[in-house]
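Have a look at the structure below, then the notes.
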Amino acid sequence: MRTIIPNFDRPFGDQNRSLWQASHMSTSRFRLAIVLPLILLGACSGSSGSSSTDTQVSDVTTPSSEPESTEPPTCSAPGVRACLLPWPDNRLTVADPSTDTGRRLAIPADAVPVNVDGVAMDVTDQNRADGFSPNSAIVFAADGVDLEASGVPDSTSIERSMESGMTTTIIDSATGDKVPFWGELDGQSGLVTLRPAIALTEGHTYVVTVGGLLDGSGAPIELDRPTWDFTVASERSLSGRLLTMRDVAYEQIADGVPAFTVDSVTPGDVRTVEGTLSIPNFLDNDGGPGGSLLLDEKGSPVVNADHPTYDAAYRCVVPNSVDSPVPALLYGHGLMGNRGQVDFFGTFAAQGQIAACAVDWLGMATEDVGNLAGILADMGRFNEQADRMLMGHIAFSMLGRLTNDPAGFASDPAFQNPDGSSVLAPDSTVFVGNSQGGILGGAASAISTEWRRAVLGVPGMNYSLLLPRSSDWPEFQVVFEDAYQNVDDRLMALMLVQLLWDRGENGGYAQHLTRDTYDGIDPKTVLLVEAFGDHQVANVSTELLARTIGAQVHTPALKDGRSLSSVPMWGIDPIADRSDATSKLVIWDYGTPPPPVGPFPPVDGEYGKDPHGAGSDEPLVLVQALTFLLDGNLLDVCGGPCIGAQIDQQ
């Protein structure tokens, strides 16, 4: 039987856009604000580097290894450029012996972005962290700088950041190791951003040294503070809230399953089953959009006594009958979508290969669009989005318990053969997340005991890196800029909300996904599927994720000359064994031109057609992914570089 490949992601952008454009909101600012969330997509090996590479520095001077005061810092002048830069900086912390790092962020109220209504960004929740983001971009002002003349590598020459002669460095003060990075100028503010090419280690302090800067005429640029340090948040600060919520959810069900309903069963080539499952509600409302986490005196989430549960809606496509029970596939949707996207797995369910189920990514689903519109006008409310996103991860783990446990879905006739036997194989659940589902799916996988293998399609990490590189951004950029009119504020607002995004996206969990796992959770084996030249999820973000989780890449990754990089796939080792438990990266090339170098979005025309959803039309992509999910083996379906249909020639 011919395998039909469902389009996992692409059609839902059009569908949701129509929904948002039909909004009753009358002003262009709020019409666009409803659409904007669509763009929220939706240890390195030095073996490939230069012979002059020096990955370690023997003597590291830390400017301030310990916080000196419990008094919060103050600004000599208000504003982002005057008080928040350089970023991140331990100057913006205070001593706090109760935290794992001995620090706590203390970002001054007059250092933050201010919107057009004069509302300063509320950073109360950011200041609960005991360090900065592991996805931090180093940001500083060097007006008139020529980064190329200054010897700062761009994203096509990351290996140069490790060379012994580099005068601009990021160094782990605990190990002396250099951090690979690339540098670029922000497209609007002109501020310098240094982007680490791998996630920064939790709880470690890093020393930034900036030297050798030249302007366009070749004249030197001297910074007032050429060296500073910052500390990355601890594991507990980043993931503690979600892990606490997870523990409470499992304590409530003990050895059983969460309460669930089967509300409808629609017959057809497959059974479409809809219902709800009960999860603890940790928000200060009924669990819907707009709530924030309820925290105890120690900052840990607690269940809402007035609204203790939230009924998360699920949708499943289930074979009508099978000879042998089949695995359940949990699907994480993309593009501010919803659980209905699971219907595209109906073909595989009808073939008796799998059953597939989904819940909404709470916090980043269609029902959250209205609330996100308000958040974009006041980024101080961003915790409302980030907090509900954690509820979404709990819903996925509880859905996995229901698909794994014989007392769960398998106990209901909606998930049984006509003879009463279960369609679902026990303890066999796998996970697939595409686009937004690939950006959140690593986090969901890192905290779950319900599956061991995951495929993340066109994935990435670090939304503050992804956002300006998304092809959707220019169309809706006016919304954010309408609220935040200072160009420095725009960049730093994204840096500040990344501190909250870390608690729910891959960037805050990738270090514990495939190794150094959280207590009681097994390492996951993950397949990353990249679309070369992706217009929506930048390749640099996918490869950042690959380096961080230690994924190995299918080789040859690309045809010679396709990549602009001097050392393509630098820091990512080739696959050694296709059947082992090492996570893998496969790059599919659909003929799209290489992406732009810098924080700019590719646009149709100059950068060809967007390959983001092209894998949905490529049979071998699904053969490769499904085989990996079912038996852990990565088939070499390419016999060389993985070349898909050349979409620019169609």
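Numbers at a glance
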read-out: Close pairs from the stretch 483-496: first farther than 17 Å from TRP87 by Cα, partner part of a helix (DSSP H, G or I) and open to solvent by less than 10 Å² (accessible area, probe 1.4 Å), Cβ under 7 Å, at least 6 apart; value: TYR484/ALA493
read-out: Subset of the stretch 262-280 [part of a strand (DSSP E or B) and touching a helix residue (DSSP H, G or I) at 6+ places or on another chain (Cβ under 6 Å)]; value: VAL262, VAL265, VAL270, VAL273, LEU277, ILE279, PRO280
read-out: The stretch 279-291 residues that are under 14 Å from ALA313 (Cβ atoms), paired with ones that are β-branched (Val, Ile, Thr) and open to solvent by less than 10 Å² (accessible area, probe 1.4 Å) (beta carbon under 6 Å, 6 or more apart); value: ILE279/ILE394
read-out: Considering residues of the stretch 375-406 that are within 22 Å of ILE447 (Cβ to Cβ) and in a loop (DSSP other than H, G, I, E, B) only, the residue least open to solvent (accessible area, probe 1.4 Å); value: PHE382
read-out: Residue match in the stretch 586-594 (condition: in a strand (DSSP E or B), more than 30 Å from ALA328 (Cβ to Cβ) and open to solvent by less than 30 Å² (accessible area, probe 1.4 Å)); value: yes
read-out: Residue within the stretch 261-268 that is in contact with a Phe, Trp or Tyr (Cβ under 9 Å, 6 or more places away or on another chain) and under 18 Å from ILE394 (Cα atoms) present; value: no
read-out: Pick from the stretch 323-340, criterion assigned to a loop (DSSP other than H, G, I, E, B) and open to solvent by 20 Å² or more (accessible area, probe 1.4 Å), ranking: nearest to GLY275 (Cα to Cα); value: ASN338
read-out: The stretch 598-627, residues that are assigned to a helix (DSSP H, G or I) and more than 15 Å from ILE587 (Cβ to Cβ); value: SER616, ASP617, PRO619, LEU622, VAL623, LEU626, THR627
read-out: Of all residues in the stretch 288-317 being touching a Ser or Thr at 6+ places or on another chain (Cβ under 8 Å) and crowded, with 21+ Cβ neighbours inside 10 Å, the one that is farthest from GLN416 (Cα to Cα); value: PRO301
read-out: Residue within the stretch 616-638 that is open to solvent by 20 Å² or more (accessible area, probe 1.4 Å), under 29 Å from SER161 (Cβ atoms) and more than 25 Å from the chain's Cα centre (by Cα) present; value: no
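Yes or no, residue by residue, for (1) among the hydrophobic types (A, V, I, L, M, F, W, C); (2) within 21 Å of LEU465 (Cα to Cα); (3) open to solvent by 40 Å² or more (accessible area, probe 1.4 Å); (4) modelled with pLDDT of 95 or more:
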| position | (1), (2), (3), (4) |
| --- | --- |
| GLU184 | no, yes, no, yes |
| SER189 | no, yes, no, yes |
| VAL208 | yes, yes, no, yes |
| LEU213 | yes, no, no, yes |
| ARG225 | no, no, yes, yes |
| TRP228 | yes, no, no, yes |
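One line per residue, one yes/no per condition, for (1) part of a strand (DSSP E or B); (2) in contact with a helix residue (DSSP H, G or I) (Cβ under 6 Å, 6 or more places away or on another chain); (3) modelled with pLDDT of 95 or more; (4) not β-branched (Val, Ile, Thr):
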position: ALA305; (1), (2), (3), (4): no, no, yes, yes
position: SER321; (1), (2), (3), (4): no, no, yes, yes
position: VAL342; (1), (2), (3), (4): no, no, yes, no
position: GLY352; (1), (2), (3), (4): no, no, yes, yes
position: GLY370; (1), (2), (3), (4): no, no, no, yes
position: ALA373; (1), (2), (3), (4): no, yes, no, yes
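The values are calculated or read from the model by the stated rules, or taken from the named source; none is laboratory data. Here the structure is a predicted model, which means the values were calculated and not measured. Reconstructed Cβ throughout: ideal geometry from the backbone, glycine too, with neighbour counts over all protein chains shown. These accessible areas exclude ligands, DNA and RNA; they are computed on the full protein's heavy atoms, side chains included. Shrake-Rupley method; radii C 1.70, N 1.55, O 1.52, S 1.80 Å.
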